[in-house]
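> Dropping the structure in here first, questions after.
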Ligand SMILES: O=C(CO)[C@H](O)[C@H](O)COP(=O)(O)O
């Protein structure tokens, strides 16, 4: 299976978000990654469902929405209505995550569980059957441009083994510090999808297409 690339618009030019979403779509991105922060669960603020809705016409690709908020049912429904295709929630932020994942699926969307670098993998055990995607944070969430945490590789490997053992086809997506240097080992460890902000929008390769192609192919070298 080809590695899916989900550029995070957190690193894009916020003054022209629509154009940026269209540009990564035309450059071959598989998904558009939207980081939703409310200044509580993580120490940063970004955008809400109205902005997701406003961006929806700029790409027909999968809108991969990462909620770094406490996800009450109303707000999850707002993101679903706004055009999210995948909605990922954090067990660390949600005492009712089991219900939230069921809720996301009942809205006809793909459900994701996002886990922070310090969260024991046991937190995933009751959730595997309810998750279409597991988003492994390889930095502490809140900001782009951070350094990849090497211990993430062992975590990705363990999650991949567990998914294979359970016979599931859950997508493993990895987010944080992904670039040409880190992508190969992340893919080798078992990731199916890579989120990349800085490595796409501030790429040294000079074009979004080259940046995306490089990340995608880096695991097959
Ligand atoms: O979720 C995030 C931060 O919370 C971002 O998606 C992530 O950090 C991507 O940024 P970069 O590729 O620059 O590391």
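> I'm checking my understanding of the structure. Among residues of segment 12-41 that are buried (at least 21 other Cβ atoms within 10 Å of the Cβ) and part of a helix (DSSP H, G or I), which one is farthest from the ligand (Cβ to nearest atom)?
The qualifying residue farthest from the ligand (Cβ to nearest atom) is 23.
> For segment 172-189, what are the residues that are within 16 Å of the ligand (Cβ to nearest atom) and not in a loop (DSSP other than H, G, I, E, B)? Spell out the reasoning first.
Narrowing segment 172-189 to residues within 16 Å of the ligand (Cβ to nearest atom): 172-187.
The answer is 172, 173, 174, 175, 183, 184, 185, 186, 187.
Each row is one residue, and each column tells you yes or no for (1) more than 26 Å from residue 165 (Cα to Cα); (2) in a helix (DSSP H, G or I).
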| residue | (1), (2) |
| --- | --- |
| 47 | yes, no |
| 60 | yes, no |
| 78 | yes, yes |
| 101 | no, yes |
| 134 | no, no |
| 141 | yes, no |
| 149 | no, no |
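> Among the numbered criteria (1) crowded, with 20+ Cβ neighbours inside 10 Å; (2) near the ligand (Cβ under 8 Å from one of its atoms), which single criterion is violated by residue 146?
Condition not satisfied by residue 146: (1).
> Let me ask another. I need the full set of residues from segment 190-209 which are free of Cβ contacts under 8 Å to residues at least 60 places away in the same chain, away from the ligand (no atom under 16 Å from the Cβ) and part of a helix (DSSP H, G or I), in order please. Full working, then the answer.
Taking segment 190-209 as the starting set, the residues that turn out to be free of Cβ contacts under 8 Å to residues at least 60 places away in the same chain are 190, 199, 203-206.
From what's left, away from the ligand (no atom under 16 Å from the Cβ): 190, 206.
Within segment 190-209, none qualify.
> Restrict the check to segment 44-63 and report whether at least one residue is in contact (Cβ under 8 Å) with a residue 40 or more places away in the chain, more than 17 Å from residue 7 (Cα to Cα) and touching a strand residue (DSSP E or B) at 6+ places or on another chain (Cβ under 6 Å).
Yes, segment 44-63 contains a residue that is in contact (Cβ under 8 Å) with a residue 40 or more places away in the chain, more than 17 Å from residue 7 (Cα to Cα) and touching a strand residue (DSSP E or B) at 6+ places or on another chain (Cβ under 6 Å).
The numbers here are math on the coordinates, done by the rules we state, and not lab data. Note that the structure is predicted; figures quoted are calculated from it, not measured. A quick note on method: Cβ atoms are made from the backbone with ideal geometry, for glycine too, and the neighbour counts reach across all protein chains shown.
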